[in-house]
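Q: This structure is in structure tokens; I'll ask about it shortly.
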Amino acid sequence: MDIDLAASYERCRVLHRRHGRTYYLATRLLPAWKRRHVHALYGFTRYADEIVDRTEALPPAERAARLTAWSDRFRAGLRGEPIDDPLLPAVLHTVAVFDLNLDDFDAFLRSMAMDLTVESYATYADLLDYMEGSAAVIGTMMLPILGSADPAAAREPARQLGLAFQLTNFIRDVAEDLDRGRTYLPDEHLDRFGVTRADLLAARDRGEATPQIKSLIAYECTVAREHYAAAAPGIPLLTGGSQACMRTAYRLYGGILGEVEAQGYDVFVRRAVVPNRCRAAEVARALTTPRGRPVELAA
């Protein structure tokens, strides 16, 4: 492999290890040749997210310009033009190796741009429109790398798994997202439980949720579990070498919901984290589960 390309893959791997603790652990269960391509996709999505979320001190126009400039470099690379970027060579190589659908990348970049201007979502349908680009397409990008005996049947479960993972993040990270000026829990859900954005901000500052907020979070966990249920049929369809990886990711991300439940659906008292002993147990479980066995969330 070209030295620059190898360095680019390594940069993506480091980003993945640093910021995607749960998924990085699961990725280690993949065959070695697949791992670098997963790292590349994670690096692509993470770097765009960093432009959006780690530049709050900059004026909105400058943040948008940075995202546009990076998106333009990516598209120039796709056209075969020379680019000066330490991360994108690995991404472009992965796109070429698996002939990934470029529409998925456009949808992802569109959702990243939305994060620069959109602070909340009126309905769950509106949130799903955002999550189509920020989460569902990640599943369809990953599917050719993971491999499947029936890609057509596995496509919708892959989309649903992306949605499940992201909604889990939204539930866990309510306080962190408020710090960035965003609320990913839809207004219609807040209204259903008599919760306002001011209530969420007060709970963040107090470090404790109200009963109404706990009911809201319990409902969001139910919605997330519906996405996990829709995603489950796709994992046994993956190629054998990928099943342990995605079983682990499925169970660990779903385990975050279990931790939220265990702390009484109070996402402000502390950040829900799956304990290391449980993480190790899930890895062992995935490695010893026969291929093709259905997957379920932990009880």
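The values are calculated or read from the model by the stated rules, or taken from the named source; none is laboratory data. Keep in mind that what you see is a predicted model, and the values were worked out from it rather than measured. Cβ sites come from the backbone with ideal geometry, for glycine too, and all protein chains shown count toward neighbours. Surface areas here come from the heavy atoms of the whole protein model, side chains and all, with no ligands, DNA or RNA. Shrake-Rupley method; radii C 1.70, N 1.55, O 1.52, S 1.80 Å.
Q: Which one of Ala281, Ala158, Ala224 has the biggest mean-square fluctuation once the chain is modelled by GNM with Cα springs under 10 Å?
A: Ala281
Q: Related question: Given a 10 angstrom Cα cut-off, can you work out which residue in Asp103, Asp115, Asp84 is the most mobile in a GNM of the chain?
A: With Cα springs under 10 Å in the chain, the top fluctuation among Asp103, Asp115, Asp84 is at Asp84.
Q: Based on Cα coordinates alone, diagonalise the gyration tensor for the stretch 25-84, multiply each eigenvalue by 5, take square roots, and list the semi-axes in whole Å, largest first.
A: 27, 18, 6
Q: Then there is this: For the stretch 173-185, what does the Karplus curve 6.51 cos²θ - 1.76 cosθ + 1.60, with θ = phi - 60°, yield as ³J(HN,Hα) per residue in whole Hz, taken in order and with x for Gly and Pro?
A: 9, 3, 5, 5, 5, 4, 4, 8, x, 10, 10, 8, 7
Q: What distance in nm lies between label points placed 7 Å from Cα along the C-beta direction at Thr68 and Glu10?
A: 3.6 nm
Q: With all protein chains present, how much of the accessible area of the chain (probe radius 1.4 Å) comes from carbon and sulfur, to the nearest whole percent?
A: Carbon and sulfur together cover 52 percent of it.
Q: Any idea what the relative contact order of the stretch 38-121 is, in percent, if you count C-alpha pairs under 8 Å spaced at least 6 apart?
A: Over the stretch 38-121, the number comes to 41 percent.
Q: Between Trp33 and Thr196, what is the FRET efficiency for a Förster distance of 51 Å, r being their Cβ-Cβ separation, to the nearest 0.05?
A: Computed FRET efficiency for Trp33 and Thr196: 0.50.
Q: Give me the orientation-averaged projected area of the Cα convex hull of the chain, in nm², one decimal.
A: So the mean shadow area of the Cα hull is 15.2 nm².
Q: Per residue, what accessible area does the chain have, given a 1.4 Å probe and all protein chains present, in Å²?
A: Computed with neighbouring chains in place, this is 45 Å² per residue.
Q: Using Cα centres only, tell me the gap between the stretch 40-87 and the stretch 217-270 in whole Å.
A: First find each Cα centre; the distance between them is then 29 Å.
Q: Let me understand the stretch 70-150 better: what is its radius of gyration from the alpha carbons, and its Dmax, in angstrom?
A: 14.5, 42
Q: I need the Debye-formula profile for the stretch 105-199: one equal scatterer per C-alpha, no solvent, reported as log10 I(q)/I(0) at q = 0.14, 0.15, 0.18 1/Å, two decimals.
A: Here log10 of I(q) over I(0) equals -0.56, -0.63, -0.84.
Q: Explain nothing, just the number: relative contact order of the chain, from Cα pairs under 8 Å at least 6 residues apart, as a whole percent.
A: Reported as a whole number, the value is 19 percent.
Q: Let me ask something additional. Can you list the residues, at least 5 places off or on another chain, whose amide H is less than 5 Å from the amide H of Ser148, using H built in the peptide plane?
A: Thr239
Q: Next question. Sticking with the crude label model, points 7 Å out along Cα→Cβ, report the distance from Val223 to Ala262 in nm, one decimal please.
A: Using points 7 Å along Cα→Cβ, the separation is 2.5 nm.
Q: Using every alpha carbon pair in the stretch 153-299, what percent of pairs falls into each 5 Å bin from 0 up to the bin containing the largest distance?
A: Per 5 Å bin, starting at 0, the Cα pair percentages come out as 2, 10, 19, 20, 17, 12, 9, 6, 3, 1.
Q: Full extension from Asn101 to Cys278: what is 0.36 nm times the residue separation minus their Cα-Cα distance, to one decimal in nm?
A: Numbers: separation 177, 0.36 × 177 = 63.72 nm, distance 3.56 nm.
That pair, Asn101 and Cys278, stretches by 60.2 nm at full extension.
Q: Working out 0.36 nm times the residue gap between Glu156 and Asn169, then minus their Cα-Cα distance, what length gain in nm do you get to one decimal?
A: Roughly 2.7 nm would be gained on extension.
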